[in-house]
Each structure stands twice: as C-alpha cells, then as structure tokens.
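The values are calculated or read from the model by the stated rules, or taken from the named source; none is laboratory data. Keep in mind the model is a prediction, meaning the values are calculated, not measured. Neighbour counts are summed over all protein chains in view; Cβ atoms, including those assigned to glycine, are modelled from backbone coordinates with ideal geometry.
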Amino acid sequence: MNVFIHKNRTLWEGFHLMGMILIAVAVALLLFYLFSDFPTDQDTLATLVGALLLFGLIAVSSYSGTVLDFEHHRYKSFQSLLWIKLGSWKTLPEIDHAEMIIHTFRSENFRNGITPTLSSETTVYKCVLLSGGTKFLAFDFAKEKDAIRALLEIKKRLGF
C-alpha cells in the first residue's frame, strides 16, 4: 500500500506524559507489593494497578494524525484510541505543489500565579501540500530533518 502516515504526538509532553507516569506508578506499586512485607489486599491492589494501566495505555495510545493513500487517491484525518485509527476516508484532490515552511514564534507557559512564566522561541517545520493554489494540508514537525524526510517521501510518491 502506497501510504504516508503523519502522527501528531510526543510521548514526553502533556497527556502522553501523564500516561507514562500512570504506567510507571502501576509498575512501582507491583514491585513494592512483590518485594515488601506490607499487608495489602490483593483485590484492591489488582483493581488499582489495572485502572492505572488502563488509563495509562489509553493516554499513551491517544493521538491524532493523517493518512495519505496515494494508490487510491484518498486521505483520512484520524484520532487513534488504543492504536485503532478512527476516521473516514475522503477523496485526495490533485496536489499541485509540496513545500516546507519554517515558522518561528514565541511560546509562553500558561500564567497561573504560582509558577514563573517561561517563554521561549519555538520553531516548527511545516510540510505544506497545495491544491489549486491554496493550502490543502500541513504537517508539523519539531525537527528539520524529519520535515525534509517527510517532504521528500511525499514528493516521491506524488511523482514530483
């Protein structure tokens, strides 16, 4: 199958980080139970560890993305839950041009009055697909080499 898959996820930020922490806590609880003499009800432990693992796996496996199927001229914007991609296929319009755009902006943390507000300059590398002279799809990448690799792959599959 001649497809390109772009995933919008980072395991070390936000919701995904919370999922990794929940899984780590579940493993730590199991190890504590196995190597300590602390009296613990097995049913309570199993319920707690099971719930932590379930919520952790849901958080880690949840992400969005886009699949481009060049063979059948279609695309799908999807939401993934437990590694199942949910979304419907749509017809892929004729792509005229594909290019990379570098977007730099200032990002700030949410001001909550407790922690200091940190700001930094952020650069996002975008692969943009143009159809009929207008932007059709854009894929964001944190690293320039990933954006270049994706752009070259898309251009190759489109025959540019």
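For the reader, a short list of remarks on this structure follows.
- Yes/no for LYS90 being in a strand (DSSP E or B) and over 27 Å from TRP12 (Cα atoms): yes
- Condition check for LYS143 on (1) touching a Ser or Thr at 6+ places or on another chain (Cβ under 9 Å); (2) of a type outside the set (A, V, I, L, M); (3) within 30 Å of LEU57 (Cβ to Cβ): one failure, at (1).
- Taking (1) of a type in the set (Phe, Trp, Tyr); (2) closer than 19 Å to THR10 by Cβ; (3) over 20 Å from the mean Cα position of the chain (by Cα) in turn, PHE35 satisfies each apart from (2).
- Here ALA98 clears all of (1) touching a residue at least 60 places away in the same chain (Cβ under 8 Å); (2) outside the structural domain of ARG149 (by TED's automatic domain parsing); (3) not acidic (Asp, Glu) except the condition numbered (2).
- Residue within segment 119-131 that is more than 12 Å from HIS6 (Cβ to Cβ), within 17 Å of the chain's Cα centre (by Cα) and not assigned by TED's automatic domain parsing to the domain that holds MET20 present: yes
- Scanning segment 128-160 for residues that are of a type in the set (A, V, I, L, M, F, W, C) and in contact (Cβ under 8 Å) with a residue 40 or more places away in the chain yields PHE136, LEU137, PHE139, ALA142, ALA147, ILE148, ALA150, LEU151, ILE154, LEU158, PHE160.
- Exactly one residue out of LEU45, LEU57 is surrounded by 15 or more Cβ atoms within 10 Å (Cβ to Cβ), without any contact (Cβ under 8 Å) to a residue 40 or more places away in the chain and not polar (S, T, N, Q), and it is LEU57.
- Looking at SER107, SER64, SER88, SER77, just one residue is among the hydroxyl-bearing types (Ser, Thr, Tyr) and touching a residue at least 40 places away in the same chain (Cβ under 8 Å), and that residue is SER64.
- Answer from GLY50, GLY56 - the residue that is within 19 Å of the chain's Cα centre (by Cα) and either among the small types (Gly, Ala, Ser) or not in a helix (DSSP H, G or I) (or both): GLY56
- Residue within segment 9-30 that is surrounded by 14 or more Cβ atoms within 10 Å (Cβ to Cβ), in contact with a strand residue (DSSP E or B) (Cβ under 7 Å, 6 or more places away or on another chain) and not assigned by TED's automatic domain parsing to the domain that holds PHE141 present: yes
- Of the numbered criteria (1) surrounded by fewer than 13 Cβ atoms within 10 Å (Cβ to Cβ); (2) in contact with a His (Cβ under 9 Å, 6 or more places away or on another chain), the one SER88 fails is (2).
- Hey, ASP69 under 30 Å from THR134 (Cα atoms) and among the acidic types (Asp, Glu) or not: yes
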